[in-house]
1. Kindly state which strands (runs of 3 or more DSSP E) lie completely within the stretch 74-137 and contain at least 3 residues that are under 20 Å from the mean Cα position of the chain (by Cα) and closer than 21 Å to GLY35 by Cα.
2. Would you pick out the residues in the stretch 439-454 that are more than 19 Å from ALA174 (Cβ to Cβ) and in contact with a Ser or Thr (Cβ under 9 Å, 6 or more places away or on another chain)?
3. Just one of the numbered conditions (1) surrounded by fewer than 23 Cβ atoms within 10 Å (Cβ to Cβ); (2) away from the ligand (no atom under 16 Å from the Cβ); (3) of a type in the set (S, T, N, Q); (4) more than 20 Å from ILE562 (Cα to Cα) is not true of THR455; which one?
4. Go through the residues of the stretch 65-80 one by one and say whether even a single one is away from the ligand (no atom under 16 Å from the Cβ), in contact with a Lys or Arg (Cβ under 6 Å, 6 or more places away or on another chain), open to solvent by less than 10 Å² (accessible area, probe 1.4 Å) and farther than 16 Å from ALA183 by Cα.
5. List every residue pair whose Cβ atoms sit under 6 Å apart, with the two residues 6 or more apart in sequence or on different chains, where the first one lies in the stretch 281-292 and is within 22 Å of LEU332 (Cβ to Cβ) and the second, anywhere, is charged (D, E, K, R) and more than 9 Å from the ligand (Cβ to nearest atom).
6. Taking the stretch 495-509 as the search range and keeping residues that are at pLDDT 95 or above and not aliphatic (A, V, I, L, M), which one is farthest from SER95 (Cα to Cα)?
7. With respect to LYS141, determine if the residue is within 21 Å of ASN339 (Cα to Cα), among the basic types (Lys, Arg) and surrounded by fewer than 24 Cβ atoms within 10 Å (Cβ to Cβ).
8. What number goes with the only condition from (1) surrounded by 21 or more Cβ atoms within 10 Å (Cβ to Cβ); (2) part of a helix (DSSP H, G or I); (3) within 15 Å of the ligand (Cβ to nearest atom); (4) within 22 Å of the chain's Cα centre (by Cα) that VAL277 does not pass?
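The values are calculated or read from the model by the stated rules, or taken from the named source; none is laboratory data. Since the structure is predicted, the reported quantities are computational estimates derived from the model, not experimental observations. Glycine gets a Cβ as well: all are built from the backbone with ideal geometry, and neighbour counts include every protein chain shown. Note: areas computed on protein heavy atoms with side chains; ligands, DNA, RNA excluded. Shrake-Rupley method; radii C 1.70, N 1.55, O 1.52, S 1.80 Å.
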Amino acid sequence: MAHGFMGKMLWVDLSKKQIKEEVLDEKMGRDFLGGYGLGARILFSRQKAGVDPMGPEAVLGLVTGVLTGTDALGGSRYVMVGKSPRTGGWGDANSGGNVGPYLKFAGYDAVFFTGKSDKPVYLFIDNGKAELKDAARLWGKDSFETQDMLRAEHGKDVEVACIGPSGENLSLIAAVMNNKGRAAGRSGLGAVMGSKKLKAIAIKGNMKIPVADPAKSAEMRKKHIAAMGPRSNFMRDFGTAGLFNMACESDDAPCKNWAGAAVIDYPNYKNLGGDKVLEKRQRGWGCWHCPIACGGIMKPNAAGEFQYSAEAHKPEYETLAMFGSNLLNDNLDSIVKLNDICNRYGLDTISAGACIAFALECYDKGIITKKDTGGLELKWGDPKAIVTMTEMMGKREGFGDIIADGVMMAARKIGKGSEKFAMHIAGEEVPAHDSRGGPHFAIGYAGEPTPARHTQGGEGPLPPGALPEYNRGSMVGRGAPHKVGATLTVAYNATGVCMIVIGDGYGHFDQFVEALATITGWDITKEELMKTGERIENIRQAFNIREGQKTPWKYPDRMLGIPPKQVGPRQGLTVDEKALCAEYYQAMDWDVKTGKPSQKKLQELGLGDVARVLYP
Ligand code: SF4
């Protein structure tokens, strides 16, 4: 097998309680790199079209990349893959921490689950051996308790990916959690894991990942760390929380369920700034061997109104914005608490914050009342009510049950015109970057195989040397450069490196290509990486098309600026997501109206079998 990979995958049939090993094909490894590339390739071939994403025929995967667990900077990632119960199309969710590297140290590049268990189980993998174990005592426990109990049983060197109560109770905004503060949050794959009655994957391993030239690889790592620039220091100090003030000032951050402007409606936004978060931080924290370590553990808060323990993780920008500015909540302690609640229940903080914003606006407009909320007054900016409702959502209690499947489903249940306050794209809540004035987000949110993703699309965190020159202020002429960025982004994601390390660690994109070449021994170029990224984009998109989905995904009017905002730095702006996506799709050779990849393009990328399915 190629260097960088372990060369083996596990297939676990939860219905039959059977576990099989399978060799990872070497060509498939190079053609798809791992992560959602490998995941999409496998699911397109092995999962039938039209399966119920929560049914026994659905395949759920935990997949690492070729650089996960290696000397490449930021090689900490794994990706959960499956059919999304939120969109009905392709689903994936990326997480850092230690789980990805440990799966490889245990001997495997990926684990795929099929079937459904009749009782709660967890998979225990120990250095090349795997067994399904009874999880009855873990069922009902939160994600922290689950991780602690599995460590108590199997040793401190066990890494755990698990669901909390939200995944167990099939909340469609449930995440897969690890390291008590890292989440594979999007696409509703925590619910898919819950539907299979799979509580956790516990992993122990100390095998070595084969590398083309270990000495050269270690030297390269030292060289790349020495070359890291000042942006990495900023991320080490503040993490993504350091972006919050700027996002409020530029009107990028959501405010009042995307209807307001932080500089007008949310005057105390600096209460949540990176410096304020840092004051409450006890220590820094990083994913496996990360040279940046952008995370943090907070000082315990045992006496205040919003109490949390010494295990609470530092909130990320997305969490601060979705539970802060978006709800007009300027109480930082409450947001650390909300982050902690979501980490314990296993909820995606982006979706959870959006669900609360939807509930607050429905209450404000009189669509729901105290009768619906069990007597709870839901007022903008009231941290106590927000914390209470978030806990109710985690437990699926009362009105919390209505919003626990996301805003699209909640609006369907509530009706009464609430749909226009449900800020989602194809069922996925919109993350905390405003595409009015951020056209690259509009292309990413509406045009990518997974809707409403700030981490996908092509003009995000990329180091110098990745993108061609183009006019970033223009609404036209973005299609071709966006394609370059999108395909490179998809490729590096598939390798298992962190996007923050790519954007803020590597000084030049060539260093990343050097890392990949050194570790694998491949004679690889940026051009091959773009082609590989394009292949991965096409197969993820083909999965959507086969499931009957069409893109660009439908966008909420408010988020397009219809009507335009009347206040703030982005007042008067509208975004034409269809025109932006049309340019991107032309560059990709995808149909502008449906997003269907052309037959010629699929053939050119070596996806002839996919072309035969899409063009029978
Ligand atoms: S930069 Fe942050 S999220 Fe990325 S690998 Fe490092 S610690 Fe994890």
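1. 78-83, 90-95, 110-114
2. The answer is PRO439, PHE441, ALA442, ILE443, GLY444, TYR445, ALA446, GLY447, GLU448, PRO449.
3. Of the numbered conditions (1) surrounded by fewer than 23 Cβ atoms within 10 Å (Cβ to Cβ); (2) away from the ligand (no atom under 16 Å from the Cβ); (3) of a type in the set (S, T, N, Q); (4) more than 20 Å from ILE562 (Cα to Cα), the odd one out for THR455 is (2).
4. Looking for residues that are away from the ligand (no atom under 16 Å from the Cβ), in contact with a Lys or Arg (Cβ under 6 Å, 6 or more places away or on another chain), open to solvent by less than 10 Å² (accessible area, probe 1.4 Å) and farther than 16 Å from ALA183 by Cα, one finds none in the stretch 65-80, hence no.
5. ARG281/LYS314; GLN282/LYS299
6. THR495
7. Against the criterion (within 21 Å of ASN339 (Cα to Cα), among the basic types (Lys, Arg) and surrounded by fewer than 24 Cβ atoms within 10 Å (Cβ to Cβ)), LYS141 qualifies.
8. With respect to (1) surrounded by 21 or more Cβ atoms within 10 Å (Cβ to Cβ); (2) part of a helix (DSSP H, G or I); (3) within 15 Å of the ligand (Cβ to nearest atom); (4) within 22 Å of the chain's Cα centre (by Cα), VAL277 is out only on (4).
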